[in-house]
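Data block below; observations after.
All of the numbers you see were taken from the coordinates with simple rules; none came from a lab. Quick caveat, the model's predicted, so the values are computed rather than measured. Cβ atoms come from the backbone with ideal geometry, glycine included; neighbour counts cover every protein chain shown.
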Amino acid sequence: MSTLAYFFIFCFGTIIGSFLNVVIYRFNSGKTLGGRSMCMTCSKTLAWYELIPVFSYLFQVGKCRSCSTRISHQYPLVELFTGVVFTMIAYHFYDIVFVSFNQYILLVSVYMMIFSLLLVISVYDMRHKVIPDPLVFAFIVFSFFTMFISSVPFGNLFVQPSMSAFLAGPLYALPFALIWLLSRGRFMGLGDAKLILGIGWMFGIVQGGAALMLSFWIGTIVSLLIIFFSKMKFSMNTEIPFGPFLAISTLIVFFFSLNVFDLASIFSF
């Protein structure tokens with residue numbers, strides 16, 4: 001694929017990222033996803049040139065043109081991140097595009113949807129400390145579907161998953177569901193267990209274990225940094241959303257093809 005093709009994929013990703021911002025802000029707010037975009041402060045309907053992903057934010061110096069209210073950094077960051085991830089997904093399956101274009105389009109489309117859902121779930125979880133059921137259920141469905149799609153360049157488009165692939169989701173999700181149940185939601189939300197169910201089905205036993213292990217490492221490091229640098233007082237009741245750490249680890253494991261043995265080898269001597 002040419003550089004121009006990847007550029008168009010990146011631009012497409014930023015446009016989708018703009019829509020994901022709408023989903024994040026309007027989900028469970030009583031507002032529909034349709035209708036014109038407007039400033040959250042002055043309610044001015046935005047013109048088309050105020051809605052260009054990333055660039056409008058830069059040209060307006062991060063402020064509303066009407067009331068000069070600061071625009072959240074979330075808007076350009078989500079747009080930019082979505083564009084980068086979409087480009088990386090397209091490149092990740094590069095070796096398939098010349099063998100089976102239909103397989104390439106299916107794989108790219110499914111994983112673009114999966115990581116779009118993970119992005120919305122992560123930002124929503126950071127903002128509201130909850131993972132909405134409709135979003136995580138959609139992630140579970142797409143993750144379950146990936147077990148039946150072949151990512152091998154040559155061969156059938158659809159495959160029969162192994163028994164271990166089917167069991168990976170429940171096997172990893174069950175302990176976290178029990179933690180939620182026994183702690184009555186104090187230590188972990190049920191949404192995290194549902195998210196882990198999808199991650200297990202998406203990766204299987206070996207890579208799924210890597211995603212979980214990595215999420216705890218990242219979560220521990222980030223939590224310690226937040227506690228160390230933040231002026232807020234933390235206690236056992238302080239909520240730090242786990243969903244974003246699961247999403248980040250899923251992204252890393254997917255693009256770098258890590259497995260649990262790769263991570264375990266770090267501690268081997």
## Note on the structure
Quick note, the range 1-101: a/c under 1.5 would make it rounded; otherwise a/b > b/c is prolate and the rest oblate (a ≥ b ≥ c, C-alpha gyration tensor); here it is prolate
### Query
Which order results if H128, H92 are arranged by neighbouring Cβ count within 10 Å, fewest first?
H128, H92
### Task
For M38, enumerate residues with amide H under 5 Å from its amide H, sequence gap 5+ or separate chain, H modeled in the peptide plane.
L46
### Query
Between the range 26-84 and the range 131-145, how many Å separate their Cα centres?
26
### Message
If you only keep lysine pairs separated by 8 or more in sequence, or across chains, how many in the chain come under 23 Å at the Cα atoms?
### Response
6
### Task
Find, among the trypsin sites (Lys or Arg not before Pro) in the range 38-145, those assigned to loop by DSSP (not H, G, I, E, B) with at most 12 other beta-carbon atoms within 10 angstrom.
none
#### Entry: Stretchable slack from H128 to L157, in nm (0.36 nm times residue separation minus alpha-carbon distance)
6.5 nm
#### Entry: About the Cα centre, charge dipole magnitude for the range 93-269 (Lys/Arg +1, Asp/Glu -1 at Cβ), debye
560
### Message
Taking loop as defined by DSSP and a crowding limit of 14 other beta carbons within 10 Å, which chymotrypsin sites (Phe, Trp or Tyr not before Pro) in the range 160-261 fit?
### Response
F187, F234
### Query
Would you list Y49, Y124, Y75 from fewest to most Cβ contacts within 10 Å?
Y49, Y75, Y124
### Task
Once you have the Kirkwood Rh of the chain from its Cα pairs, apply Stokes-Einstein at 20 °C and 1.002 mPa s and quote D in µm²/s.
106
### Task
Give the shape of the range 89-183 as rounded, prolate or oblate, defined through the alpha-carbon gyration tensor: a ≥ b ≥ c are the square roots of its eigenvalues, a/c under 1.5 means rounded, and otherwise the shape is prolate if a/b is larger than b/c and oblate if not.
oblate
### Message
For Cα pairs less than 8 Å apart in space and 6+ apart in sequence, what is the mean separation divided by the residue count of the range 93-269, i.e. the relative contact order in percent?
### Response
23
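Normalised by the number of residues in the range 136-201, what is the relative contact order in percent for Cα pairs under 8 Å and 6+ residues apart?
44
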## Note on the structure
So, for the Cα atoms of the range 36-90, Rg and Dmax in Å stand at 12.3, 39
#### Entry: Interchain or long-range residues, amide H under 5 Å from S150's placed H
F158, V159
